[in-house]
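Take a look at the structure set out below.
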Amino acid sequence: VHLDRFKLRTSSSLCVCFCQSKSTQTGGSAVVASGLGEGQRLLSRAKRGWVWNQMFVLEEFSGPDPILVGRLHTDLDVGGKSIKYILAGEGAGTIFAINELTGDIHAMKRLDREEKAEYTLTAQVINAETDEPLEPPSEFIIKVQDINDNPPQFVQAPYQASVPEMSAVGTPVTRVTATDADDPVYGNSAKLVYSILEGQPYFSIDPNSGKRFALQGMDREMREEYLVVIQAKDMGGHMGGLSGTTTVTITLTDINDNPPKFSKNLYEFVIPEDLPIGKMGGKVKANDRDTGENSKSTYGIVEGDDQGVFEIITDSQTQEGILQLKKPLDYESKRAYNLKVEATNVRSEPGSGPFKDTATVKITVEDSDEPPVFSKPIYQLEVNENAPINTIIGTVTARDPDSTGSQVRYFIDRHTDLERQFNINVDDGKITLAKLLDRETDMWHNITVTATEVRNHSQISRAIVAIRVMDINDNAPEFATEYEAFLCENGKPGQVIQTVSAVDKDDPIQGHYFNYRLVPEMLNNPNFTIKNNQDNSISVLAKHDTFRRQKQEMYFLPIIVTDNGHPPMSSTNTLTIRVCGCSKDGIVQSCNVEAYVLPIGLSMGALIAILACIVLLLVIVVLFVTLRRHKNEPLIIKDDEDVRENIIRYDDEGGGEEDTEAFDIATLQNPDGINGYLPRKDIKPDLQFMPRAGQHSGPNGVDVDEFINVRLHEADNDPTAPPYDSIQIYGYEGRGSIAGSLSSLETTSSDSDQNYDYLREWGPRFRRLGELYSVGESDRET
């Protein structure tokens, strides 16, 4: 078998051979080998096909002519034979073009490896005239060869990092990473080296990994934030490489490396002795240069307060120590305190020990006028009930704690003793009884006693006095309830009729014990007896079985109950016993005597029904008779009735001029009378008017006109009928008016001299008025 070779030459001088037989068959077999010398034979057969090596083309090539990528050639191309090379696949015809005659492949555009690194194409040889394939198609790859055309980039820039202050040298801070789009396999285009442009000598960086490290001794209180500029350069950092930069903001976090420090070594406060417990007496402050939880401190008193009078708490907002009282101050017992206060950090670093500072607090107690102080806040006193009035129950005492020692007076707060049952001596505090007490009404009385200083009544103290009323035997025992016993006629002798118990309002210490007995005249009665049950109760027993309702329906059994008090009290209580008819089982059925005289065959229910029917019939008869006798009044008025005598009042608007009490308009006309007393101007005369003779109507009634005229004449001549003669003020000219007032009453109060002689010229009616006002100086003085 004669073998020819089809060669492919590339720009990298690499070739792959395709072996084919000289036979005219296109579908024959072939053996593929790589790197065979020309003229060498293969010892095995395989199916014919194409084997291609990789082609390479530089990216970003920008020459004037298309760049030659490679050349295809086949042994079938022997001069005059008509063959054609075709190319298919990725970028065929757009990016890559093939010369159909020579098989040269050219790149028509600039290629970017970062956009696409390789292209897969298919090559084939066909008959140029018939387009019939002369060889089967085969694939090959064109790889874009990288150049250093992309600088490093920090994708997550800018960076934020933090590191505790005072960290040791080499403490990792953060990691920065840059990326390079160039080929990391081919050349050094993607080999990056890191360096710090700004931020030395505080920080260092690993040039290969990008890890950053801190130096020792970095104090947050000196500087809290650092800005570091980092560069990443490709080509292994050599000259000609591309670079990119980023910034890293590094914040030093706080550690508790500063103790609290008081702003002053000595604090002085003046506190009044009447300062209430829990109120602030002063403030202290310890400053800490740390922040957050590391700056928080707690305060405490370590010396000078053996009695626990003061306490100091921490204000969570201001971090101040608030000095306040736990116990009241007493100027008379101690006037000054020297306290040692300590401030300690809440948190501490491991192995560093607690940070703290101390200061001295000097407190001066200021004297205040204090209220009296009772010897006890609560007094408990006892008094027997029914004790006589003015009995001394007990004594309360109070003193003035001030150095002056003012005298104290005592009073009872009557709001706590509304019935005024107790009195107190204002000088010595002795409480006495003002009214008789009854323990059965109120066993306890709680009153409040106040104590005030004689020289300063505003200083008041209060104490509670609880008075217990002690019991005495002043109430006789009595039946627990009003008992009514029922006795069966067919009962047996010795049968228990009723169990009786008693109650007593008293409350003896040893408890109640009651003694029951029949009254002396009933000791030998033949009907009943009593039996003691040994539990403060008795049983009433029947002595025989011959009780009959026809003979006696009810029995009364008086029983005397006596208590065990000193002196013993007793009372007589009567038990009512009714004789009843019972069933064989002893169940009461009827206690009425009438049940035995009823006709045979009629029960009590039947008699009640008959009686109800009789009552209903009587009611019906009475209603029928009443309706028969009732007559309806006619709706039409008869002719002989005189409608003029029927006076109907449809409305009443008030008293008219007579009603001057309802509203007096003179107040609006005279402002001077608003606040003054305005007497009633209507004066009813004391004249007596003789009653008029009655008017008699004629047969057909009087005429309306005549009736009204008669009434009008009577009203005009009746001096007792309103309106009465009175003085009215019809106008008020106001203060300072030239005309003055029209009232003659105000004229009499004027001191001005006025001539009233002109009144005589007005006629005889005004002559008398002029004489009244024309008086001399002597009369005026009189």
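The values are calculated or read from the model by the stated rules, or taken from the named source; none is laboratory data. From a predicted model like this one, the values you see are computed outputs, not experimental measurements. No Cβ is skipped: glycine too gets one built from the backbone with ideal geometry, and neighbour counts run over all protein chains shown. Ligands, DNA and RNA are stripped out before the accessible areas are found, and what is left, the full protein with its side chains, is counted by its heavy atoms. Shrake-Rupley method; radii C 1.70, N 1.55, O 1.52, S 1.80 Å.
Using a 1.4 angstrom probe and counting only protein chains, how large is the accessible area of L227 in Å², to 10?
100
How much solvent-accessible surface does F624 expose, in Å² to the nearest 10, with a 1.4 Å probe and all protein chains in place?
130
What FRET efficiency comes out for E129 versus V185 if R0 is 51 angstrom and r is the Cβ-Cβ distance? Round to the nearest 0.05.
With R0 = 51 Å, the Cβ-Cβ based efficiency is 0.65.
With an 8 Å Cα cut-off and a minimum separation of 6 or more residues, compute the relative contact order for segment 153-253 in percent.
Here the relative contact order equals 37 percent.
Using 1/(1 + (r/R0)^6) with R0 = 51 angstrom and r between the beta carbons of R399 and S570, what's the FRET efficiency to the nearest 0.05?
0.45
Give the carbon-plus-sulfur fraction of the accessible surface of segment 153-253 in %, rounded to a whole number; probe 1.4 Å, heavy atoms of protein chains only.
52
Note down the nm distance, to one decimal, between modelled labels 7 Å out along Cα→Cβ at L769 and at A612.
Computed distance between label sites L769 and A612 equals 8.9 nm.
Could you tell me what percent of the accessible area of segment 54-145 is made up of carbon and sulfur, with a 1.4 Å probe and every protein chain present?
Carbon with sulfur: 50 percent of the solvent-accessible area.
How much length, in nm to one decimal, is gained on full extension between E478 and D507, taken as 0.36 nm per residue of separation minus their Cα-Cα distance?
Roughly 9.0 nm would be gained on extension.
For the full complex of protein chains and a 1.4 angstrom probe, list T404, T171 by accessible area with the highest value first.
In descending accessible area the options line up as T404, T171.
Of V710, V625, which has the most accessible area and how do the rest follow, probe 1.4 Å?
Per-residue accessible area, sorted high to low, gives V625, V710.
Under a 1.4 angstrom probe, counting protein chains only, how are L627, L87 ranked by accessible area, largest first?
Listed by decreasing accessible area, they come as L627, L87.
Taking R0 as 60 Å, what's the FRET efficiency between V155 and K264 from their Cβ-Cβ distance, rounded to 0.05?
0.60
Skip the ligands, DNA and RNA, and give the accessible area per residue of segment 373-470 with a 1.4 Å probe, whole Å².
Counting only protein heavy atoms, the per-residue value for segment 373-470 is 55 Å².
Any number yet on Rg/Rh for segment 478-590, C-alpha, Kirkwood?
Computed over Cα atoms, the ratio is 1.02.
Cα convex hull of segment 113-208: mean projected area in nm², to one decimal?
Computed as one quarter of the Cα hull surface, the answer is 10.0 nm².
Could you give the distance between the Cα centres of segment 535-554 and segment 108-161, to the whole Å?
Answer, in whole Å: 133.
If I histogram all Cα-Cα distances within segment 373-470 using bins 10 Å wide from 0, what percent of pairs lands in each bin?
16, 50, 25, 8, 1
Once phi is turned into θ = phi - 60°, what whole-Hz ³J(HN,Hα) does the Karplus curve with 6.51, -1.76 and 1.60 give for every residue of segment 571-588, x standing for Gly and Pro?
8, 9, 10, 9, 9, 8, 10, 9, 8, 9, x, 10, 7, 5, 7, x, 8, 5
For the pairs K327/K356; K505/K584; K285/K376; K279/K376, note any where the Cα-Cα span goes beyond 31 Å.
K505/K584; K285/K376
Determine ³J(HN,Hα), in whole Hz, for all residues of segment 465-474 in sequence, where each value follows from phi through the Karplus function 6.51 cos²θ - 1.76 cosθ + 1.60 and θ = phi - 60°; x replaces Gly and Pro.
These are the phi-based 3J(HN,Hα) values: 10, 9, 10, 9, 8, 7, 7, 10, 7, 10 Hz.
Segment 406-518: Rg/Rh from Cα coordinates, Kirkwood Rh?
1.33
In square nanometres, what is one fourth of the surface area of the convex hull spanned by the alpha carbons of segment 261-366?
With every direction weighted equally, the projected area is 6.8 nm².
Using the alpha-carbon centroid of each, what span in Å lies between segment 306-379 and segment 431-499?
Answer, in whole Å: 51.
With every protein chain left in place, what is the accessible area of S570 in Å² (1.4 Å probe, nearest 10)?
70
Roughly speaking, what is the stretch gain from T253 to L58, that is 0.36 nm per residue apart minus the C-alpha to C-alpha distance, in nm to one decimal?
Length gained between T253 and L58: 65.0 nm.
With every protein chain left in place, what is the accessible area per residue of segment 100-223 in square angstrom, probe 1.4 Å?
I get 55 Å² per residue for this part.
Roll a 1.4 Å probe over the protein chains and send me the accessible area per residue for segment 261-366 in Å².
56
Keeping the other protein chains in place, figure out the carbon and sulfur percent of the accessible area of segment 373-470, with a 1.4 Å probe.
The computed percentage sits at 50.
Once the Cα atoms of segment 151-295 are picked out, what are the Rg and Dmax in Å?
Over segment 151-295's Cα set, Rg and Dmax evaluate to 25.0, 91 Å.
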